[in-house]
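Here is the structure we will look at.
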Amino acid sequence: MSHPRAAVIQGFLEQIRAIDAAGVDRAALGRITALLEGLTAHTELFNFDEFPPPAPGQGKSAFRYRLNDDGEGPTLYLNSLLPGKRTVAHNHETWAVIVAVQGQELNTVYQREDDGSDPTLARLAVARQVVVQPGTPISFLGDDLHSIQVDGQTPTLHFHLYGRPLESLEGRYGVQDDGRVVAYNKSQMEPSIEAYGQ
């Protein structure tokens, strides 16, 4: 018999797949976000006891738990981050939605100011900042750029839902603080912890 969490995730993903199959634009992202926010009510299934962050001082600042494996379809993760975690600006190559279960994460959204003619450099300007926390989600289309930063003293536990598995996305890029463009998955991304089927 499967774990109740697997049944909840499966029912959720069936709804997401139906939206994804019709094509995802900003309006569809709103519907996806509302459904993902509904998952946060299941605190008995999604909490720090079940999905702990790394132990402080042990060298890691983030655990990314992968909650399903459905080939190339929508993929759900639960990120458990320690204060101090920061990423460079990056795209996702597919749509993405972030919803908080617990904790705050500063998301900085960027706009490219260059024309992209030099594949090794990018010039970014800050478009806005959003503190993702319970009740305040954020969503992106594939070309949108953002960075995250966890401040304060409290770890975060946030759902990250993507149109395709992060592990399969070869076109993601990051932009270092000096404007240099890097292959994001190869240079920045740690492996996920497989937590599906539980």
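A simple spin-label model places pseudo-atoms 7 Å from Cα toward Cβ; at Q153 and F48 they are separated by 1.2 nm.
Which residue, S80, S117, S139, has the most motion in a Gaussian network model of the chain that connects Cα atoms within less than 10 Å? Judging by the Gaussian network model, the answer is S117. Only helical runs count toward this figure. For the chain, summing -39,500 (n - 2.57) over DSSP H runs of n ≥ 4 and dividing by all residues gives -6000 deg cm²/dmol at 222 nm.
How far is helix 26-39 tilted off the main Cα axis of the chain, in degrees rounded to 10, range 0 to 90? The angle comes out near 40 degrees.
Entry comment: accessible area of the chain is 48 Å² per residue, from protein heavy atoms only and a probe of 1.4 Å. Overall, the accessible surface of the chain at a probe of 1.4 angstrom is composed of carbon and sulfur to the extent of 49 percent. If you sort the three axes of the alpha carbon gyration tensor as a ≥ b ≥ c, you get a/c of 1.5 or more for the stretch 150-193 and a/b no higher than b/c, which makes it oblate. Hey, rough spin-label estimate for E170 and Q129, points 7 angstrom out along Cα→Cβ, what's it come to in nanometres? Computed distance between label sites E170 and Q129 equals 3.7 nm.
Under a Gaussian network description of the chain, with springs only between Cα atoms under 10 Å, the residue in L166, L106, L36 that fluctuates furthest is L106. For the chain, the longest principal axis of the alpha carbon atoms and the long axis of helix 4-21 meet at an angle near 50°. Would you look at the GNM of the chain, springs on alpha carbons closer than 10 Å, and say which of D144, D25, D115 moves the most? Fluctuation is largest for D115.
The values are calculated or read from the model by the stated rules, or taken from the named source; none is laboratory data. The shown structure was predicted, so the numbers you read here are calculated from the model rather than taken from an experiment. Positions of Cβ are backbone-derived with ideal geometry, glycine not excepted, and every protein chain shown enters the neighbour counts. Quick note on the areas: whole protein, heavy atoms, side chains included, nothing else; ligands and nucleic acids left out. Shrake-Rupley method; radii C 1.70, N 1.55, O 1.52, S 1.80 Å.
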